[in-house]
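The values are calculated or read from the model by the stated rules, or taken from the named source; none is laboratory data. Worth saying up front: this structure is predicted, and the values here are computed from it rather than measured. All Cβ positions, glycine included, derive from the backbone under ideal geometry; neighbour counts span all protein chains shown. Side chains included, ligands, DNA and RNA excluded: accessible areas come from the protein's heavy atoms. Shrake-Rupley method; radii C 1.70, N 1.55, O 1.52, S 1.80 Å.
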Amino acid sequence: MRRDRLTPLGPSSTYAGVKINGVKGMNDVLPARVAPWQEMERVAREVFALYGYREVRTPSVEQYALFARGVGEMTDIVNKEMYVFEDKGEEMLALRPEGTAGAVRAFIEHGCHVEGPQKWFYLGPMFRRERPQKGRYRQFHQIGCEVFGVAEPACDAEQIAMLDDYLARLGVRAEVKLNSVGDAACRPAYLDDLRTWLGARRAALCPDCNERIDRNPLRVLDCKVESCQPVLREAPRLVDRLCEPCRAHFEAVKGMLGDLGVTFEVDPRLVRGLDYYVRTAYEFASGALGAQSAVAGGGRYDGLVETLGGPPTPGIGFALGQERLALIMEALGRKAPVERPAVFFIAADEAGAREAMRRAAALRKAGIACDLDPRGGKLKGQFRQAERAGARFALVLGGDEVASGRARLKDMETREESPVALDELAARLTGGR
Ligand code: AMP
C-alpha cells in the first residue's frame, strides 16, 4: 500500500493535481441515473404513510457495542464486514452495517414504548466491507421499516403485503419467500441436531460451510455453492420442528397473506444473515438481479429491544437494497420523468441577458421551471444548451425585445415560432393562453 494513502493528514501539496478516486465499492449516482432513486424514495414515503409508518432518522455512526450485541458478534456482518474505528482513543465506533439496531437504540433511548405500538421507516447509507460485485457494495443504501410493540401475526402479514404493494407500484415483480426460523423454545434443539447432521457430512460441504457449522449452522442452509446443494436439500428442516406457538404463528401469517392476495412460496432454507430473527423470516427476490437476487429481506425480532436494554417489546422489520431496486428498475427500462425546463432564455446581448435573469427568477417564483446559459455567447451555442436541457420552448431576448416587451417563443420540437408578450409568458407556459 502506498504510504500517502495511510497518512490522511499529509501536506495537501502531496495531492496537488493528482486524481483522487472514490473508495472501492462506494458508488456515485450521477444525475443521469438518479431518477429511479428519486422515484423509489417518493413512492416509499407515499405508500408507507398509507400504512401508518413514520420516518425516523438516526446517525450513520453508532457505538460498536450496539451492533456487536444487536446484530450478533458471530455474524459475518459484525465479525468480518463492519467498519470499526477508535474515535481518537475515546470509544469504539462503527459505521452502521444495517438500520434496525440504530432504530431500536433510538426507540429505547427516547422511551418510545410509552406511546404504544410504533411503525417507523428510514432510508440511508449502510456500510459493509464485502467483496464488491454487481448488487453488492461497501456503501449501499437501504429503505427499511420497523414495527415495535406488536407480536400478532397480522402485523407480519400486513408488513409483507405492504412491501408487495410498494414494489407493485414501482412496476417491479418479486417472488416472496417465507419461512419460520422458530424461537428460543424450538430452535436450540433443532440447531444441535442440525450441527450434528452437518458435522457428519463435512467432506461434502464447501470450506465456508465447514467454518459455519459450529459458529452459525443456520447460515449453512443458505449456502449457494452448487456442490453443497444435494447435501443441503436433505438437511432437517426447522419448519417441521416448530413448537406449537411458532407453528400457529406461521400458519396464521400464511393464511392472512392469502387473504390479502399476496402470492408467496415457503422456503424452508430461508435464513437471514442476522442473529436476531425469530419466527417469521422473509425475502423478496427478483430474477433480474442474477446472483444477488434478494432485493429486500426482513423478519421478526421479538427479543431485540430487550437485548439492547429496553423493555420486552416485540418487533418486525425489513430492509430493501436501493442499489438492487435501481438495477431492477433500469433492467425494466423504467425511466422516471425528469423535470424539463418549460422555457430556456437565450440572450442576444447584454440587455437581453439581464432581462433573462429577471424573467427567469419571476417564472421560478411562480413554480415554472426554466433556465438560461449564464455564459451567454453565440445564439447557436445557447440553443444547443436549450436542447441539452430538454427545454420545451426557447425565447430569444435582446435590446429590441426588452424595449417592446414582446418576443418570439420557439417550440423546440416543431421549430415553430409564435409571438408572445413577455408579461404573459407565465400564463402562456402554464397553458393559460
Ligand atoms: P440485510 O440487511 O443483509 O438483510 O439486507 C437487506 C437488503 O439490503 C438485501 O436484500 C439487499 O437488497 C441489500 N443489501 C445488503 N447488503 C448489501 C450490499 N453489500 N450491497 C448492496 N445491497 C445490499
The one condition in (1) modelled with pLDDT under 95; (2) small (Gly, Ala, Ser); (3) more than 22 Å from Phe107 (Cα to Cα); (4) open to solvent by less than 20 Å² (accessible area, probe 1.4 Å) that Gly25 fails to fulfil:
(1)
Among (1) on the phi > 0 side of the Ramachandran plot; (2) open to solvent by 20 Å² or more (accessible area, probe 1.4 Å), there is one condition His113 misses while meeting the rest; what is its number?
(1)
Looking only at the range 300-320, how many residues end up being more than 16 Å from the ligand (Cβ to nearest atom) and of a type in the set (Gly, Ala, Ser)?
3
What residue, among those in the range 398-421 that are under 45 Å from the mean Cα position of the chain (by Cα) and not charged (D, E, K, R), is nearest to Gly381 (Cα to Cα)?
Met412
Taking the range 28-54 and keeping residues over 14 Å from the mean Cα position of the chain (by Cα) and open to solvent by 40 Å² or more (accessible area, probe 1.4 Å) leaves Asp28, Leu30, Pro31, Ala32, Arg33, Glu46, Ala49, Leu50, Tyr51, Gly52, Arg54
Against the conditions (1) out of contact with any strand residue (DSSP E or B) (no Cβ under 6 Å at 6 or more places or on another chain); (2) of a type in the set (A, V, I, L, M, F, W, C); (3) open to solvent by 20 Å² or more (accessible area, probe 1.4 Å); (4) within 15 Å of the ligand (Cβ to nearest atom), where does Ile108 fall short? Just the number, please.
(4)
Please indicate, with yes or no, whether at least one residue in the range 418-431 is in a helix (DSSP H, G or I), out of contact with any helix residue (DSSP H, G or I) (no Cβ under 7 Å at 6 or more places or on another chain), surrounded by 13 or more Cβ atoms within 10 Å (Cβ to Cβ) and basic (Lys, Arg).
yes
Which number in (1) of a type outside the set (D, E, K, R); (2) assigned to a helix (DSSP H, G or I); (3) out of contact with any strand residue (DSSP E or B) (no Cβ under 9 Å at 6 or more places or on another chain); (4) at pLDDT 95 or above marks the one condition that Gly261 misses?
(2)
If you go through Phe383, Phe393, the only one that is surrounded by 20 or more Cβ atoms within 10 Å (Cβ to Cβ) and in contact with a strand residue (DSSP E or B) (Cβ under 9 Å, 6 or more places away or on another chain) is Phe393
Could you list, in sequence order, all residues of the range 321-339 that are surrounded by 15 or more Cβ atoms within 10 Å (Cβ to Cβ) and more than 7 Å from the ligand (Cβ to nearest atom)?
Gln322, Leu325, Ala326, Leu327, Ile328, Met329, Leu332, Arg334, Ala336
So, in the range 42-62, how many residues would count as being in contact with a helix residue (DSSP H, G or I) (Cβ under 8 Å, 6 or more places away or on another chain) and within 16 Å of the ligand (Cβ to nearest atom)?
3
Residue hits (the range 207-234; open to solvent by 50 Å² or more (accessible area, probe 1.4 Å), under 22 Å from Asp267 (Cβ atoms) and not polar (S, T, N, Q)) are Asp208, Lys224, Val225, Glu226, Pro230, Arg233, Glu234
For strands (runs of 3 or more DSSP E) lying entirely in the range 113-203, having 2 or more residues that are more than 14 Å from the ligand (Cβ to nearest atom) and within 15 Å of Tyr53 (Cβ to Cβ) picks out 118-127, 139-148
Condition first: over 24 Å from the mean Cα position of the chain (by Cα) and surrounded by fewer than 21 Cβ atoms within 10 Å (Cβ to Cβ). Now tell me which residues in the range 268-293 satisfy that.
Pro268, Arg269
Can you tell which of Ala204, Ala154, Ala200, Ala185 is open to solvent by 30 Å² or more (accessible area, probe 1.4 Å) and touching a Cys at 6+ places or on another chain (Cβ under 6 Å)?
Ala185
Tell me yes or no: at least one residue of the range 123-142 is of a type outside the set (S, T, N, Q), within 13 Å of the chain's Cα centre (by Cα) and within 29 Å of Ala248 (Cβ to Cβ).
no
Out of Ala347, Ala366, sole residue that is open to solvent by less than 60 Å² (accessible area, probe 1.4 Å), aliphatic (A, V, I, L, M) and within 19 Å of Ala421 (Cα to Cα)
Ala347
Hey, does the range 85-104 have a residue that's part of a loop (DSSP other than H, G, I, E, B), away from the ligand (no atom under 16 Å from the Cβ) and surrounded by 14 or more Cβ atoms within 10 Å (Cβ to Cβ)?
no
